[in-house]
Amino acid sequence: MGIVIKQTIKGSFYAYLGVIIGGVNVAILLPLLFSEAQIGLVNILVSVSAILAQISCLGGNGIISYFFPRFHDKASQQKDFFSFVWIYSMIGFAVFYTLFLLFGDHLLAGKSADAQTLREYSVMLFPLTFFTLAFLLVDTFASSTLNATIGSFYKELVMRLVNTALIVLFYFELIDFRLFMWLYVANFAIPVVAITVHLFRKREISLCWPSKTKYLPHLKTMASIGIFFILNGLSNSLAIYIDKLMITYYLGLKETGIYSITNFIGTVVRIPRLAMGKISTPIIAQALNDGDYKSLEKFFRLSVLSQVIVGLLIFIPIWINIDIFLALLPPSYLEGKMVVFYISLSFLVTCFLGIGIQVIQLSKHYKLITYFNLIAGVAVVVLNALFIPIWGITGAASATLASKVLLVILFLFVLHKRFHFRVLFADSALVVLISSLVIAGALYLPVGQFVEQKFVNGGINIIIRTVITLAVWGLALQVTGLFKRVKFKEIV
């Protein structure tokens, strides 16, 4: 338990630091130094490769998690389990990437002006998909050996620092955009190589041809687990990446670039929720094992209130300053203002689940998560197809919000019916009401002209407005006693 919590906190630290570096890269440097279409191209390639990797690994990451205790023996010289899963997933990669080469042109072909660019750079999808798939396997294997932080360190921190360096090289015209793209793709190899070398040094894996007699009797079970994890991974990938694919298809790379930047700003709201989910997992598992549902429900209520408060703590400064921030970027990004709102709101809605997903995930009802995610995935595809042609990138963001609301309703229903939890709380609703009133008032705060330099002046205004608004908001929560109910120390 101590190892899990220690590594989770360490991994969360890497994730937060990575978000700061990524925020500078994505929200500031990219829109100032690259065209919208170039940003769109980067994001569409990453999106396609992520979806391809989830499908083509054939659930190899799930097979590692499920069969690791049975087949991995560090003391044995025959460490062929990783080799087996690697070969298994590479067969899937070969099959699905071949299918993509045959039929993928229809997926990538968007507006005629962008189709040629997409075809020109589609050659990068092969290494990008390969590295993405390889990371899924080696990171899962490393986590199974109780070394869950090495993947977070290289992916969340090192890769983003390298991206910063590449952006700087591009800015000083030491590399052109095409070379930037190839180096950007090569950067995905860093965590794969680093984790693989680490596993070799720790003698967790070796270059052994897998034994047929050891694994053939389990192929049916492996295939079943693999299909389940394919569906789970695909549903998650659809939720994260399908909007960019469909925006490219209907609107083109420029709109994808604008959407990607403003979407990223909105996703910052989800970070505290992810951290709490990881840290609380061992505590939830213990409570479920002990059958202590009363304490679990109390923890659930506290987690909902705390996540709503922390989520709004991040959302309030974003939304009251969004006009100032977008004014610092090229004018085209003003189109993405409502994208920030809807995406932020979609992650605020999930705060009302608290630790609910982790409770379901660690219980006998865990398969419902995959089924519900698939329902939400299908919903977001249908809604994107309906909304994007009408409302553009705002339609894509609203489709995401609608699918998240559907998902939250389904999960809350399960928590109420299967675990008998109360799922609606007056204190959380009061936090939302107070926050809405504070935001409404803050929007009337004037924007001052303190200095001539627009970036410095914008920064000063953002700081002043944020401090005043959060002070009023915090005072309101203190007066109403909501801060006392959270019991942050107890949660920590």
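All of the numbers you see were taken from the coordinates with simple rules; none came from a lab. Computed from a prediction, not measured in an experiment: that's the story for all the values here. Cβ placement follows ideal geometry from the backbone for every residue including glycine, while neighbour counts extend to all protein chains displayed.
Toward the positive end of the charge dipole of the chain, with +1 on the Cβ of Lys and Arg and -1 on the Cβ of Asp and Glu, the farthest Cα among S47, P330, P210 is that of P210. Between L17 and I375, the simple spin-label model (points 7 angstrom out along Cα→Cβ) gives 4.1 nm. One Cα centroid belongs to segment 372-402, the other to segment 429-446; the line between them spans 28 Å. Count the net charge of all other residues whose Cβ sits under 15 Å from the Cβ of I375, scoring Lys and Arg as +1 and Asp and Glu as -1. Local charge sum for I375: +2. Of [x] 80, 23, 20; [y] 39, 24, 19; [z] 36, 31, 21, which is the value of semi-axes √(5λ) of the Cα gyration tensor in Å derived from the coordinates here? The value matching this structure is [z].
Cβ-Cβ distance of W391 and D290, R₀ of 35 Å, FRET efficiency by 1/(1 + (r/R0)^6): the value works out to about 0.10. Per-residue Cβ neighbour counts within 10 Å put D243, D80, D290 in the sequence D290, D80, D243, beginning with the fewest.
Take peptides 423-435, 388-400 and line them up by average Cβ neighbours within 10 Å, highest first, as a rough protection proxy.
Numbers: 423-435: 16.5, 388-400: 21.5.
Per-residue mean Cβ counts within 10 Å order the peptides as 388-400, 423-435.
Cβ-to-Cβ counts within 10 Å put H218, H420 in ascending order as H420, H218, the fewest first. The alpha carbon centroids of segment 449-471 and segment 198-231 are separated by 55 Å. Per residue of the chain, the DSSP helices (runs of n ≥ 4 H) give a summed -39500 (n - 2.57) that works out to -26000 deg cm²/dmol at 222 nm.
Using the Karplus relation 6.51 cos²θ - 1.76 cosθ + 1.60 with θ = phi - 60°, the per-residue 3J(HN,Hα) values for segment 128-138 come to 5, 5, 4, 5, 5, 5, 4, 5, 3, 6, 5 Hz, with x marking Gly and Pro. Here R422 and E120 are evaluated by their C-beta separation; at R0 = 60 Å the FRET efficiency comes out at 0.60. Whole-Hz Karplus values for segment 329-335 come out as 9, x, x, 4, 6, 4, 4 Hz, taken residue by residue from phi with 6.51 cos²θ - 1.76 cosθ + 1.60 and θ = phi - 60°; glycine and proline positions read x. For GluC sites (Glu not before Pro), the sites in segment 149-214 that DSSP calls loop and that have at most 13 other Cβ atoms within 10 Å are E173.
Cβ under 14 Å from I190's Cβ, I190 left aside: what net charge do those residues give with Lys, Arg +1 and Asp, Glu -1? Around I190, the charge tally is 0.
From least to most packed, judged by other beta carbons within 10 angstrom and beginning with the fewest, V138, V378 follow the order V378, V138. A crude spin-label estimate for the pair L445 and T267, with each label 7 Å from Cα along the Cβ direction, gives 2.8 nm. With the simple spin-label model, which puts each label point 7 Å out from Cα in the Cβ direction, the V479 to V432 separation comes to 2.3 nm. Across the options V414, W473, V432, the greatest Cα extent toward the positive end of the charge dipole of segment 398-492 (unit charges at beta carbon of Lys, Arg, Asp, Glu) belongs to V414.
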